[in-house]
1. Report yes if some residue within the range 403-411 is modelled with pLDDT under 90, surrounded by 15 or more Cβ atoms within 10 Å (Cβ to Cβ) and on the phi < 0 side of the Ramachandran plot; otherwise report no.
2. Could you check Ser190 against (1) among the small types (Gly, Ala, Ser); (2) at pLDDT 95 or above; (3) out of contact with any Lys or Arg (no Cβ under 8 Å at 6 or more places or on another chain) and say which number it fails?
3. Under 21 Å from Tyr161 (Cα atoms) and without any contact (Cβ under 8 Å) to a residue 40 or more places away in the chain - does that describe any residue in the range 408-430?
4. Condition first: small (Gly, Ala, Ser) and surrounded by fewer than 20 Cβ atoms within 10 Å (Cβ to Cβ). Can you find one or more residues in the range 446-454 that meet it?
5. Specify which of the listed residues (Tyr245, Tyr272, Tyr268) is closer than 17 Å to Phe164 by Cα and in contact with a Ser or Thr (Cβ under 7 Å, 6 or more places away or on another chain).
6. Which count do you get for residues in the range 546-571 that are of a type in the set (Val, Ile, Thr) and at pLDDT below 80?
7. Of Ile159, Ile143, which residue is surrounded by fewer than 21 Cβ atoms within 10 Å (Cβ to Cβ) and either aliphatic (A, V, I, L, M) or under 27 Å from Thr378 (Cα atoms) (or both)?
8. Can you report the number of residues in the range 328-346 which are farther than 18 Å from Phe157 by Cα, surrounded by 15 or more Cβ atoms within 10 Å (Cβ to Cβ) and touching a Ser or Thr at 6+ places or on another chain (Cβ under 6 Å)?
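The values are calculated or read from the model by the stated rules, or taken from the named source; none is laboratory data. Just so we're clear, the structure is a prediction, and the values are computed from it rather than from any experiment. So basically every Cβ, Gly included, is an ideal-geometry build from the backbone, and we count neighbours across all protein chains shown.
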Amino acid sequence: MSQKPRKLQRVSKACDFCNRRSIKCSRSEDSLGRCQNCADFDVPCTFDRPAKRRGVKAGARANARDGPFMTPSADPVTSTVPVPPAAGRPSGSSASRSSHYPDSAPRYSITGDPWASLNPNWSIIEKGDDYGTLPTSWKAFAIASDRQIKNLVQVYFEIVYPIFPLFHKPSFIERVHNQEHLRNQGLFASTMAACALVSGRARDGALYSNRWHRDELAEPPSEAFYAAAKDSIPRDLTAAKGMNYMRACAILAIASIQNGQIKNMQKYSGMYHTLTTMEGLHDEKLWPKDLSSIETEERRRLFWSIYTLDIYSTIVWGGVIRYREAHSLVRYPTEVDDELITEHGYSVPPVTPESGTLSQSDASVVSRVTWLRGWNFTTDLYRILEHVVDGNRRRFSSANGTTQFWSLFTPASMSEPVVMERVLSMYAALPSQFRETPPTTGDLSKDLFGFQSANIQATLQLLRMVLLSAEEIGVERKCDVAGELLSVFSKVPVEYLKAISSPLLHHLGGIGYILGSVMEGNLSEASYQRVRTLLLEMADLLHRLETGLHRAAGASERLRSQVDRIDGYMRTSRLLNLTAPPPPPNSTAAPVDAKPAPAIPATAYAPTGPAPPVGTAPGIGGQIMQFQLPPELLTDWPWPLDASHSEGFLPLAFE
């Protein structure tokens, strides 16, 4: 008879390790008698701190309000600093937790505050705020993860930088190599945020070069870097001064989209806009006068990057546009490669009438097309999208019961053909590098152009979908548009699409919404067959993208299953009504072993016109028969069909 396992009881006093971190201290089966957390992190489980009487001393609260105080890191008790727990990790995974420390990394035995020599400001916190209790542990985490951080920074410039060039490549890599992020809390926050985003995208299959493998970048996980960045941003935002905190909040917002945490995206976007308002980022005249060329370019890239993100999130999730182009006095980033931008200026000579003729080498540098030309063009498209969104909003603004005045100042909105004609003429004027999307090469100097071309194509399609969402178009037109959109995405090399990662799903969500609106309306046999073909093409595209992308996992199979269910309904309805021949053979038809849906009463199949004779194809000698699918067949549709939640916008959210 097996012995009954010993019941684990709650400890009466937390150990020193758990007490410092305010986490639950629970017993374990560890042979050394350590608690579960100490066993997980492989640290001694001690009870060396002096016992203190419970309660608050008389006058303690009044004294606490009088001035700043030191964090627990100033406690002279000698202790061992472990890596802080990764957010979202189960506490029982001792192997994965201990792997945060490489075998070659030392356990840091410290006395007092070991980081005071690096930056003593991190040891003092503002009165009444418990911020500051974590940086010591997070710095130990960063030191132990130094090699991984450097790798993730390199990967940032391969898969994130082409769309969000928020760092100047040479100087940022040098600063991380010199471990400046351990001496600058703002830089630490933005570096950890960048690592969180890169780690999340790498986990989701965004890597495309042979230099990196997903498993090599998996530990520590994205959530650990995310938590480190979050905990390094002061809770009092008035203390979060400088470019780095703005950048950290912006990257955390992007990382939240990657992980499907939309409320966190809104949270960090709001923090970013609060900081930029206090810093005056929207107006270059308010910037510090002593900024270097690198800092100036980074600020411009940050402002316009998050401007586009703001427009994008408004389209996808609703809400308001925080900064409008008319309120912004920020130049576009200079179209110069990072290697030609230094602390002291630009390596490209100025081109002015007084400068005379340039040498042949200088002239080639000035005339060379850089990838930022395409990046700035994408910003142009989002500026156009801002006005399209405004036009869509005005259609619904009368519902708030106020007098409308916008028509006094704005001409009538233009139609989709007029806007797209102007936009496509701008697109045709771009250099050929931005109108072609060759396969990835692994050479960043070449792939940067491919990324811009892919992003331009995705943004053009987003613009077109938002324009069409304001117009009443028929079934055939919707199918034409959806087919053209799918054709564009299918021609872009999948490596670029995977690198763009989760945000791309919302572009595809727009196509799904268009097709869904067709499916819930009146259909003919021909229109159903066309939509069916487009849905299977979309399932194929999703299947190419969803390998490793946890936000899309299973989406293609769900879509195929949806088509199978509708096919079963159609087969049953044809047998009951004897009004249409069986569907033509199709190479993308449903699998042979797909089981038909259960029989549906003939009353569910409601023709709205006269039925053609038996054995006659629909549309021959009479009106094409129209029918409507029952609502229950669309209940599992991956994209919301009810636009009421998005204030009339095209709802692109992937559910």
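1. No, the range 403-411 contains no residue that is modelled with pLDDT under 90, surrounded by 15 or more Cβ atoms within 10 Å (Cβ to Cβ) and on the phi < 0 side of the Ramachandran plot.
2. (3)
3. No, there is no match, as no residue in the range 408-430 is under 21 Å from Tyr161 (Cα atoms) and without any contact (Cβ under 8 Å) to a residue 40 or more places away in the chain.
4. no
5. It is Tyr268.
6. Residues flagged as of a type in the set (Val, Ile, Thr) and at pLDDT below 80 within the range 546-571 amount to 1.
7. Ile143
8. Qualifying residue count, the range 328-346: 0.
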